[in-house]
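Report on the structure given below.
The values are calculated or read from the model by the stated rules, or taken from the named source; none is laboratory data. Computed from a predicted structure; not experimentally measured. Every residue, glycine as well, gets a Cβ built from its backbone with ideal geometry; the counts of neighbours run over all protein chains shown. The area values use the complete protein model at the heavy-atom level, side chains included, leaving out ligands, DNA and RNA. Shrake-Rupley method; radii C 1.70, N 1.55, O 1.52, S 1.80 Å.
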Amino acid sequence: MVNARASLAKFFAISLVTALVGVSAVNSADADTPEGRQVEVLELEVQNDQYAYTDLDPKGPSLGDTYVYSGTAIRDGRSVGRGGGSCQVIHINGEELTTQCLITMEIKRGSLTMQSLWVSGTSSLDMAITGGTGDFSNARGIVHYWDIATPKERVRAEIMR
C-alpha cells in the first residue's frame, strides 16, 4: 500500500503539471475538425508548489482519501499560469487505486477545467476538457499525458472551440 500511495502522490503532482503544461502554451497549431470546430494544440512545462494528502480512516489508502495540489505553468522560463486540483480515491482493488481527478487552471486568456479517472501506476492518461472561461468558455477536448511520474513527462492538450 505504501508503494501505491507514493505512486499516487507522484501522479497527482504530475497531473497538475501536465494539465498546466497542456493549456498554458504560448504557441499553438490550429486544425479543422470534422464538426468544423477549430483545434488549438498547447504544450508547456509546470512547476508544482503545494501538495496535501488527507488520509481518512482506516489508516492507509481507503475510499474518500483526497490529494490536493497546485502549481505554476512555465513557458520559456517565465510563469504564464497557475492551477490546482484534487483527486479522490473512488475504488480499491488490492494495490490498485482508482481516483477521480478534477483540475482547474488559469492563464491570461481564461481558465480550463479537466476531469478523468486514473489508475495508480499507469504511465499514460487522457483527461477530458470539460469547459472553461474567457477564450476557453466553449472548450472541449483532451489533454494527453505520457511517462507520468518520470522526468520525461509529456503533455499535449487538444482544445476544440
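Quick notes on this structure:
- The range 68-108, subset in contact with a strand residue (DSSP E or B) (Cβ under 9 Å, 6 or more places away or on another chain) and among the basic types (Lys, Arg), residue nearest to GLU43 (Cα to Cα): ARG75
- For the range 37-62, taking the residues that are within 24 Å of HIS144 (Cβ to Cβ) and among the hydrophobic types (A, V, I, L, M, F, W, C), the one that is modelled with the lowest pLDDT is identified as VAL46.
- One residue alone among GLY94, GLY77, GLY110 is open to solvent by less than 20 Å² (accessible area, probe 1.4 Å) and either closer than 22 Å to ALA139 by Cα or without any contact (Cβ under 8 Å) to a residue 40 or more places away in the chain (or both), and that residue is GLY110.
- Across the range 101-115, the number of residues qualifying as small (Gly, Ala, Ser) and at negative phi comes to 1.
- Set side by side, the residues SER70, SER62 differ, and just one is touching a helix residue (DSSP H, G or I) at 6+ places or on another chain (Cβ under 8 Å) and in contact (Cβ under 8 Å) with a residue 24 or more places away in the chain, which is SER70.
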